[in-house]
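**Student:** One structure is given below, represented as structure tokens, and several questions about it will come after.
Values quoted throughout were computed directly from the atomic coordinates according to the rules given, and no laboratory measurement underlies them. Because the structure is a prediction, the values reported are computed rather than measured. Don't worry about glycine lacking a Cβ; one is built from the backbone with ideal geometry, like all the others, and counts go over all protein chains shown.
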Amino acid sequence: MNTEKGAPVEELTEAAGDWPKWFARLDGFAELEEGWNGYSAPAPEPASLSAARAFLAVMRQADYPPTRLAPSAMGGVGITRRQGGRKVYVEFYNDGTAHALFSSGQAGMHTRPVPGDPDGARAFLAEMRAYLDG
Amino acid sequence: MADVPPEMMTRGRPAVQGFTDDEFLYRRFHPDHLDGNEIAIEAVELPDMSVNRSRFGPPGWLLLEEDYEDWGVLAFRVRDIPPKREVWHEGVVAYALEPRHVPLRNNYPHSEIWILRDGIRIVRKDGANPGNLHLLDPDFHLRWRECIVLASHIVIRPGERGASAP
């Protein structure tokens, strides 16, 4: 998302060299203002940006990049990894908590909280991989 | 802002709370809120998601302002919410989603999707009002936003502004 309405979005790929771009994209969300979505979405706050950055770091450690990173209409930030007909969407809220949606579309979905500590985040990432790659 | 069509102005007309199951609800989205061919879940918010109802105007009205001319519009039907039916969450909490016609001065079709828990409306923090978003279970919240994504289709693709109903 560019803070300028309607601006083009830079394409990111899964190439390892794109990690700095993912982090830069996340940092850019700090510039958003309330109402950035054309309605009344709160801007992402430091707590959500910090939690998302920590999770992105865990993904980088595992060399398991997102396929999408975007601010959420709820406030906060969403990180998505999509594979085949499945996706895992992790939403980092402005109060610092996070919750994840595991969805295979009409075939079903479930959710779970995402731990904020590094060990818990790594365990969560393993669960995410099992769901998407399994 | 572009000229607002006269029929889009509220001009003293009252809110009309009758929604049919087949009625479309429209919401504009930023071009970056497409994830492949699917609307991204980040584009959908609950509670109090702003939408325009098809009974009172076409989707193109959402893109009249210059700032939104390259944006898109998604649509879903009232029955996709589903309205006025209690949805039991984990067998213990009764939620209801409800479309409400909330006309604005320059946008008569404006409406909102409300969520009620055991009859209490859930609202977000707004200025000095702390809201009661804690009543909204994160599981229910994510599931229903995803349900709206799955029920939605694009009626105006980003960059293809138009004013025709689906």
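**Student:** Would you be able to tell me the number of residues in the range B:11-46 that are more than 10 Å from every other protein chain (Cβ to nearest Cβ) and either free of Cβ contacts under 8 Å to residues at least 24 places away in the same chain or not hydrophobic (A, V, I, L, M, F, W, C) (or both)?
**Tutor:** Of the residues in that region, 12 qualify.
**Student:** Please go through the range A:99-121 and give me each residue that is hydrophobic (A, V, I, L, M, F, W, C), outside any loop (DSSP other than H, G, I, E, B), more than 11 Å from residue B:142 (Cβ to Cβ) and without any contact (Cβ under 8 Å) to a residue 60 or more places away in the chain, ordered by number. It would help to see each step written out before you state the result.
**Tutor:** Taking the range A:99-121 and keeping what is hydrophobic (A, V, I, L, M, F, W, C), we get A:100-102, A:107, A:109, A:114, A:121.
Subsequent filtering for residues that are outside any loop (DSSP other than H, G, I, E, B) retains A:100-102, A:107, A:109, A:121.
Okay, now just the ones that are also more than 11 Å from residue B:142 (Cβ to Cβ), so A:107, A:121.
Residue satisfying the conditions is A:107 alone.
**Student:** From the set of residues in the range A:34-60 that are away from every other protein chain (no Cβ under 12 Å) and free of Cβ contacts under 8 Å to residues at least 24 places away in the same chain, which is farthest from residue A:102 (Cα to Cα)?
**Tutor:** For the range A:34-60, the residue satisfying everything is A:46.
**Student:** To continue, here is another question. Would you say residue B:113 is under 24 Å from residue A:101 (Cα atoms) and either in a strand (DSSP E or B) or more than 13 Å from every other protein chain (Cβ to nearest Cβ) (or both)? Outline the logic, then answer.
**Tutor:** Working: under 24 Å from residue A:101 (Cα atoms): yes; either in a strand (DSSP E or B) or more than 13 Å from every other protein chain (Cβ to nearest Cβ) (or both): yes.
When the stated conditions are applied, residue B:113 passes them.
**Student:** Restricting to the range A:93-131, count the residues that are more than 9 Å from chain B (Cβ to nearest Cβ), in contact with a His (Cβ under 9 Å, 6 or more places away or on another chain) and not aromatic (Phe, Trp, Tyr).
**Tutor:** So the count comes out to 1.
**Student:** Still on this structure, I have one more. For the range A:66-77, which residues satisfy the criterion of being farther than 21 Å from residue B:48 by Cβ and out of contact with any helix residue (DSSP H, G or I) (no Cβ under 6 Å at 6 or more places or on another chain)?
**Tutor:** A:66, A:67, A:68
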